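The values are calculated or read from the model by the stated rules, or taken from the named source; none is laboratory data. Since this is a predicted model, take the numbers as computed values, not measurements. Quick reminder, even Gly has a Cβ in these numbers, built from the backbone with ideal geometry, and neighbours come from all protein chains shown.
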């Protein structure tokens, strides 16, 4: 999924405005979105002046989100426009320029063809084919917890599947099946589960009897650091030394 696709899905999820063909915004919407982008630029400048790199990064991402969201509201054929602008950019040449920052600029060589944005938009309007609509699809939940809770995993897998979720779960229950694994294999399995968390919309912790081991706690901390909602599926949590 591209960044633009994820913004389209965000508009679907929150029922924000979406146009299926190229159009202008209303004056009210145009002024609001322009002001929104200017606000993010000011926040970026302020963060840089404070030497606050995380806030500067956050402002840049917010700026891109607002800009792409505006394109969704305008029904622009974004992927085609982006590809063509980058085609034009990549066909430029690095040249020496006293006027440019650092003494270099991108020049237009002989025969350079500018972006064909008008042609792309006109073609989209003439075709009458709606811009692609991306289905938000089912939510994805990743189950975490000790591998000794094999039956509980199966129960919660069934629960979420019947509720319409896609479920990412443990595929190897070393504790429940009493199968020892070496340190290298365990590290690889732990890393694989972090990738599953990355793919998920939310995390469900299989904490039977309130048990949360150190490995599970590390997964919870990782999920929260990635902004994933975490739900404890059983009783109140307690700390433990291992999982």
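Would you call residue 196 under 20 Å from residue 140 (Cα atoms), in contact with a strand residue (DSSP E or B) (Cβ under 7 Å, 6 or more places away or on another chain) and at pLDDT 90 or above? So residue 196 fits the description; yes.
One residue stands out in region 20-31 among those that are surrounded by 14 or more Cβ atoms within 10 Å (Cβ to Cβ) and modelled with pLDDT of 90 or more: the one that is nearest to residue 124 (Cα to Cα), namely 22.
Count of region 42-88 residues, restricted to those that are modelled with pLDDT of 95 or more, surrounded by fewer than 18 Cβ atoms within 10 Å (Cβ to Cβ) and closer than 17 Å to residue 124 by Cβ, is 0.
Mind checking which residues of region 72-107 are farther than 30 Å from residue 21 by Cβ, out of contact with any helix residue (DSSP H, G or I) (no Cβ under 9 Å at 6 or more places or on another chain) and not in a helix (DSSP H, G or I)? Outline the logic, then answer.
Quick first cut of region 72-107, residues farther than 30 Å from residue 21 by Cβ only: 92-107.
This time we only want the ones that are out of contact with any helix residue (DSSP H, G or I) (no Cβ under 9 Å at 6 or more places or on another chain), so: 92-95, 98-105, 107.
Passing the criteria: 92, 93, 94, 95, 98, 99, 100, 104, 105, 107.
Per the conditions (1) free of Cβ contacts under 8 Å to residues at least 60 places away in the same chain; (2) under 19 Å from the mean Cα position of the chain (by Cα), the sole criterion not satisfied by residue 13 is (1). Counting the residues of region 89-132 that are closer than 30 Å to residue 13 by Cα and either surrounded by 10 or more Cβ atoms within 10 Å (Cβ to Cβ) or modelled with pLDDT of 90 or more (or both) gives 12.
The single condition among (1) in contact with a helix residue (DSSP H, G or I) (Cβ under 9 Å, 6 or more places away or on another chain); (2) part of a loop (DSSP other than H, G, I, E, B); (3) more than 19 Å from residue 155 (Cα to Cα) that residue 171 does not meet is (3).
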